[in-house]
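Novice: Next up is a structure, given as structure tokens.
The values are calculated or read from the model by the stated rules, or taken from the named source; none is laboratory data. Since the structure is predicted, the reported quantities are computational estimates derived from the model, not experimental observations. Please note: Cβ atoms are built from the backbone with ideal geometry, for glycine as well, and neighbour counts cover all protein chains shown. Only protein heavy atoms, including side chains, enter the accessible area calculation; ligands, DNA and RNA are left aside. Shrake-Rupley method; radii C 1.70, N 1.55, O 1.52, S 1.80 Å.
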Amino acid sequence: KELGFTQIGISDHLMVHKNMWQSKSADYWRSRPHSNIFYTDFKSILAKFQQHCDNLRRIGKQLGVKLNVGFEVDFFTYNGWFEEFQEFIAQLDYDYLISGNHMFFDESGEDLFDINYFKQINLPRTQAEDYLRRHFQTMEKAVQSGVFKFLAHLDYARKLGDEFCSADSFKGEKTAILEALQNQNVGMEISTKGLRKIGDFYPCGWILDEAAKRNIKMVISDDAHKIEELGMDFAKAESALLAHNIKNRLKF
């Protein structure tokens, strides 16, 4: 409210996978201050997440700010996950969903690990590329599902470094995501968090150019995990959208 916002979206993480705590990165998660965001089934968290929605709506009314309630969802592909997810969200009082994948998993979708744990596993090159390729293909499936308002940090995997995923890596898979966004009329974010993490926006310049060609709806996001990050570098993002001739903006 002090920043002059009249509307804001709060989109906490929604990460539910039946084998979450059998993951190679389970100990890594336990060592982190946010280990409470990982869950193994939808039914046990329904009341907790509905209370979260109710709390946000109450706070929005108290402050006189239009507060949109959302979730940033890790999309999984093992048998039964999507049906359980649909049943879960049908019971929640939310406004929007963001597709934002932070995990790698095997072909079955059952064996997963955190993208931040990728380098510690030290996979053979071809296997590493398989995981990355599947990561982008999963984004495409998420967009095609039709349940998401927009896609977060399309090339988030660039945080692994150019040796694994440069701006020009996996162009075919990234282009397929852009085509799905266009066909499904789903939006995409330009995230200023990339400036804080890798010195460039998520997504990179050529993806922004392709988004402009396809008239994909764009939203500026700070991906704020701290109060001081709210609205950070929005002016730079506005300039980037102007430079890449992006005019179609996502509205709520």
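Novice: Where Lys and Arg each count +1 and Asp and Glu each count -1, what net charge lies around Asn122 among other residues with Cβ under 13 Å from its Cβ?
Specialist: +2
Novice: What list of ³J(HN,Hα) couplings, whole Hz, do you get for segment 194-210 from phi and the Karplus terms 6.51, -1.76, 1.60, once you set θ to phi - 60° and write x for glycine and proline?
Specialist: Karplus-based 3J(HN,Hα) across segment 194-210 equals x, 4, 7, 9, 10, x, 8, 5, 9, x, 6, x, 5, 5, 4, 4, 5 Hz.
Novice: Note down the relative contact order for segment 94-154 as a percent, whole number, built from C-alpha pairs under 8 angstrom at least six residues apart.
Specialist: Relative contact order of segment 94-154: 52 percent.
Novice: Could you compute the net charge surrounding Phe85? Neighbours are other residues with a C-beta less than 14 Å from the C-beta of Phe85; K and R count +1, D and E count -1. Mind dumping the intermediate values first?
Specialist: On the way: positive: Lys18, Lys43, Lys141; negative: Asp41, Glu72, Asp74, Glu83, Glu84, Glu87.
Computed value for this residue: -3.
Novice: Also: If you take every DSSP beta bridge whose two residues both sit in the chain, what share of them, in percent to the nearest 5, is antiparallel?
Specialist: The antiparallel proportion sits near 15 percent.
Novice: What residues have an amide H closer than 5 Å to that of Ile220, excluding those fewer than 5 places away on the same chain, when H is modeled at 1.01 Å from N in the peptide plane?
Specialist: HN-HN under 5 Å from Ile220: Ile190.
Novice: For segment 113-252, calculate the relative contact order in percent as a whole number, restricting contacts to Cα pairs under 8 Å that are 6 or more residues apart.
Specialist: 21
Novice: Go through Lys217/Lys247; Lys18/Lys171; Lys174/Lys226; Lys197/Lys226; Lys1/Lys66 and tell me which ones have a Cα-Cα distance over 20 Å in this structure.
Specialist: On the way: Lys217/Lys247 8 Å; Lys18/Lys171 31 Å; Lys174/Lys226 29 Å; Lys197/Lys226 14 Å; Lys1/Lys66 10 Å.
Beyond 20 Å between Cα atoms: Lys18/Lys171; Lys174/Lys226.
Novice: Quick one: Cα centre-to-centre distance for segment 117-162 and segment 204-240, in angstrom?
Specialist: So the two Cα centres are separated by 19 Å.
Novice: Between beta-carbons, use under 10 Å as the cut-off and find the net charge around Leu230, counting Lys and Arg +1, Asp and Glu -1.
Specialist: -3
Novice: While we're looking at this one, here's another question. Add -39500 (n - 2.57) for each DSSP H run of 4 or more in the chain, then divide by its residues: what number comes out at 222 nm, to the nearest 500 deg cm²/dmol?
Specialist: Roughly -11500 deg cm²/dmol at 222 nm, from the helical runs in the chain.
Novice: Across segment 114-129, in residue order, what do the Karplus-derived ³J(HN,Hα) couplings come to in whole Hz, using 6.51 cos²θ - 1.76 cosθ + 1.60 with θ = phi - 60° and x for Gly and Pro?
Specialist: Taking θ as phi minus 60°, the curve returns 5, 4, 6, 9, 4, 5, 6, 6, 6, 6, x, 3, 5, 5, 4, 5 Hz for segment 114-129.
Novice: Given the peptides 35-41, 142-148, 95-101, arrange them by the average over their residues of other C-beta atoms within 10 Å, most packed first.
Specialist: Packing proxy ranking, top to bottom: 95-101, 142-148, 35-41.
Novice: Kindly report the accessible area of segment 120-252 per residue (heavy atoms of protein chains, probe 1.4 Å, no ligands, DNA or RNA), in Å².
Specialist: Numbers: 6230 Å² over 133 residues.
About 47 Å² of surface per residue is accessible.
Novice: With θ taken as phi - 60° and the coefficients 6.51, -1.76 and 1.60, list the Karplus ³J(HN,Hα) couplings across segment 218-223 in order, rounded to whole Hz; mark glycine and proline as x.
Specialist: The phi angles translate into 10, 10, 7, 10, 8, 6 Hz.
Novice: Sticking with this one: Per the 1.4 Å probe, what fraction of the accessible area of the chain, in percent, lies on carbon and sulfur atoms?
Specialist: 46
Novice: Collect residues whose amide H, placed 1.01 Å from N in the peptide plane, falls under 5 Å from the amide H of Asp95; neighbours closer than 5 in sequence don't count.
Specialist: The list, which skips near neighbours in sequence, is Val69, Gly70.
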